[in-house]
Amino acid sequence: MEFEWDIKKAQANQSKHSVCFEDVSQDLHDPNRTDTFDGREDRWKTAGLV
C-alpha cells in the first residue's frame with residue numbers, strides 16, 4: 001500500500017501532535033488494528049500498533 005500527503009499539512013501535523021504521517025501510516029499494516037466510523041466528524045478512525 002502506498003500513501004501520499006500534502007507536505008505542508010504533514011509538517012503542521014508533526015508540529016502540532018509530535019507525530020509524523022510516515023510513522024502513523026504504518027498502523028494500517030497492523031492485522032489487529034481497529035477501524036471505527038465517527039459519524040460526528042464523518043470520518044474513519046484507525047488504531048493499531050506501529
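Values for this structure:
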item	result
Among residues of region 1-36, those that are of a type in the set (Lys, Arg) and within 11 Å of Val50 (Cα to Cα), counted	1
Residues being surrounded by 12 or more Cβ atoms within 10 Å (Cβ to Cβ) and out of contact with any strand residue (DSSP E or B) (no Cβ under 8 Å at 6 or more places or on another chain) - total across region 23-49	4
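Each row is one residue, and each column tells you yes or no for (1) under 10 Å from the mean Cα position of the chain (by Cα); (2) among the charged types (D, E, K, R); (3) at pLDDT 90 or above; (4) part of a strand (DSSP E or B).
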| residue | (1), (2), (3), (4) |
| --- | --- |
| Met1 | no, no, no, no |
| Lys9 | no, yes, yes, no |
| Ser15 | no, no, yes, no |
| Val24 | yes, no, no, no |
| Leu28 | yes, no, no, no |
| Asp35 | no, yes, yes, yes |
| Leu49 | no, no, no, no |
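The values are calculated or read from the model by the stated rules, or taken from the named source; none is laboratory data. No experiment lies behind these values; they were computed from the predicted model shown. For neighbour counting, all protein chains shown are included, and Cβ atoms are generated from backbone atoms with ideal geometry for every residue, glycine included.
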